[in-house]
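Take a look at the structure set out below.
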Amino acid sequence: MSKGLPKRSEDYSQWYNELVKKAGLAENSAVRGCMVIKPYGYAIWEKMQHQLDAMFKATGHENAYFPLFVPKSLFEAEEQNAEGFAKECAVVTHYRLQADPDKPGKLRVDPNAKLEEELIVRPTSEAVIWNTYKGWIQSYRDLPILVNQWANVVRWEMRTRLFLRTAEFLWQEGHTAHATAEEAIAETKQMLEVYATFAEQYIALPVIRGVKTPNERFAGALDTYCIEGLMQDGKALQAGTSHFLGQNFAKAFDVKFATKEGGLEYVWGTSWGVSTRLMGALVMAHSDDEGLVLPPKLAPIQVVIVPIYKGEEQLAQISEKVEQLRKELMAKGISVKFDNRDTERPGFKFAEWELKGVPVRIAIGARDLENGTAEVARRDTKEKSTQQFDSLATYIPALLDEIQENIYNRALTFREENTTKVDSYEEFKQVLDAKGGFVLAHWDGTSETEERIKEETKATIRCIALDTPEEDGVDMITGKPSRQRVYFAKAY
């Protein structure tokens with residue numbers, strides 16, 4: 001099959017767009033700015049969702065569901081949050097259509113069906129959830145509340161890209177309420193670590209754990225923690241955020257609780273979320289010019305078996321051997337597909353499953369049957385080897401673990417090779433233009449300097465890393481003192 005993919009080195013953006021479509025992950029829809037997630041793409045998202053959901057529940061969280069629509073009066077109750085999302089909101093103003101008297105067979109909005117109050121299609125759910133929490137919380141006995149919801153949100157984007165930026169996308173959003181600031185901060189950091197663990201152990205994406213600058217933090221939060229990954233084109237991608245909300249939303253919605261001591265205090269809150277942006281990270285961090293490279297833990301199909309045969313008799317013999325292996329692998333939790341289609345040649349199948357990023361491909365022909373062997377190809381390195389058929393049920397699980405680790409290590413090496421320390425603004429700009437990646441530089445802590453760098457170079461402070469050691473230095477522009485370097489990069 002002809003894959004028709006552009007090369008990453010020639011047009012990374014076009015390569016990404018075409019790969020997402022040709023690999024069957026997603027496509028553009030009839031609704032401007034919105035995407036259709038196709039079955040193969042959704043199967044990956046389901047695996048992400050399943051694992052994250054288990055991690056949330058292991059840390060004491062429960063799932064709930066809140067309305068898609070938020071009354072405007074609730075939305076604007078927390079002023080900073082409302083202003084932060086105002087330009088991205090989709091707004092429902094009417095509740096009915098009617099036949100258009102001037103255009104037979106067409107419909108129009110009924111002018112007499114205007115809502116008394118406009119409804120915001122949720123860009124995020126803090127407002128409707130904290131209004132709900134007001135009825136749930138009266139006493140310290142009602143705390144903490146540890147709730148997550150899996151949902152869709154709408155943020156009206158004019159320039160969209162599949163998975164990375166669409167008007168509607170899927171995500172989860174956790175919203176928790178606590179009796180003390182210390183508990184809320186501990187929750188915020190705990191969920192950041194859940195995200196980081198998932199990114200590294202499942203997506204095989206090494207991430208920087210850090211905190212956002214005031215300019216970049218979530219509107220309505222006191223602190224925003226984040227994980228930042230590096231894509232193969234040298235741009236950063238924010239893969240998850242966890243927000244310490246302080247008492248901002250509790251005050252906006254008058255959510256108070258009776259303390260053990262008999263007093264009355266505002267509740268402390270957090271919110272945290274990841275979205276289908278993780279699908280974009282998965283594609284961009286690992287894939288190559290031949291197609292997807294999927295970490296085994298998230299691959300919908302971990303092993304594909306392709307028979308090479310002449311005639312129905314050979315196929316029947318191969319199928320009998322394959323069925324035995326398939327059952328053994330599936331018993332170990334490994335997903336296996338036996339591609340016995342008679343409509344495509346083996347070469348086409350090899351190319352198709354390579355494009356779709358299946359981690360391991362096994363080919364079995366008549367000679368293999370005679371020798372008791374099979375050809376095993378791994379997607380990450382494209383290496384092929386001949387293995388004893390009877391040992392495959394033991395060999396394949398170990399190989400999948402090796403591939404998962406190798407994909408992570410390869411991404412880690414790339415990040416290390418593309419992280420550069422600089423001390424002057426000239427060097428900073430040169431590195432951004434010639435090399436890209438993360439640039440570690442001193443910053444004087446002012447929003448003015450941050451904004452100037454963003455305006456002049458398109459690079460932003462991705463985060464102040466939690467594990468960056470203190471290091472006395474001076475800001476590369478103002479010469480003012482600085483206590484540590486921060487991570488700059490151009491970003492998605």
The stretch 1-45: GluC sites (Glu not before Pro) in DSSP coil with no more than 13 other Cβ atoms inside 10 Å: Glu10
Amide H within-cut-off set for Phe169, under 5 Å, with H built and near neighbours excluded: Val153, Arg155
Highest average packing first - 175-185, 97-107, 478-488, 356-366, Cβ atoms within 10 Å: 356-366, 175-185, 478-488, 97-107
Of Lys382/Lys421; Lys22/Lys429; Lys337/Lys382; Lys429/Lys480; Lys251/Lys490, pairs whose Cα-Cα distance is over 28 Å: Lys382/Lys421; Lys22/Lys429; Lys251/Lys490
Restricting the stretch 212-280 to GluC sites (Glu not before Pro) in coil, as DSSP defines it, with at most 14 other Cβ within 10 Å: Glu261
Accessible-area order (highest first, 1.4 angstrom probe) of the listed residues Ser391, Ser287: Ser391, Ser287
Förster radius 60 Å - calculated FRET efficiency between Ala316 and Ser139, Cβ distance, rounded to 0.05: 0.30
Value of [θ]222 nm, deg cm²/dmol, for the chain, DSSP H segments ≥ 4, -39500 (n - 2.57) each, nearest 500: -11000 deg cm²/dmol
Listed residue (His243, Gln317, Ile334) projecting farthest to the positive dipole end of the chain, Cβ model: Gln317
Ranking by accessible area, most exposed first, for Phe350, Phe438 with a 1.4 Å probe: Phe350, Phe438
Mean Cβ count within 10 Å, highest first, over the residues of peptides 331-337, 230-236, 125-131: 125-131, 230-236, 331-337
The stretch 175-190 - phi-based ³J(HN,Hα) in whole Hz, Karplus 6.51/-1.76/1.60, Gly and Pro as x: 9, 10, 10, 9, 7, 9, 5, 4, 5, 5, 5, 4, 4, 4, 6, 4
³J(HN,Hα), Karplus 6.51/-1.76/1.60, whole Hz, each residue of the stretch 334-351, x for Gly, Pro: 9, 7, 10, 10, 9, 8, 9, 4, 9, 8, 10, 7, x, x, 5, 5, 4, 5
Length-normalised contact order of the stretch 203-336 in % [C-alpha pairs under 8 Å, at least 6 apart]: 17 percent
Accessible-area order (highest first, 1.4 angstrom probe) of the listed residues Asp380, Asp223: Asp223, Asp380
Mean separation of Cα contacts under 8 Å (6+ apart) over length of the chain, as relative contact order %: 14 percent
Difference of contour (0.36 nm per residue) and Cα-Cα distance, Gln51 to Lys384: 116.8 nm
Proximal charge balance of Thr446 [Cβ under 12 Å; K/R count +1, D/E count -1]: -3
Between the stretch 407-448 and the stretch 252-303, the Cα center-to-center distance that results, in Å: 26 Å
Nearest-10 value in Å² for the accessible area of Tyr42, using the 1.4 Å probe: 80 Å²
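The values are calculated or read from the model by the stated rules, or taken from the named source; none is laboratory data. Just so we're clear, the structure is a prediction, and the values are computed from it rather than from any experiment. In this analysis, Cβ positions are derived from the backbone assuming ideal geometry, glycine residues included, and neighbour counts consider all displayed protein chains. Calculation scope for accessible area: heavy atoms of the full protein, side chains included, ligands and nucleic acids excluded. Shrake-Rupley method; radii C 1.70, N 1.55, O 1.52, S 1.80 Å.
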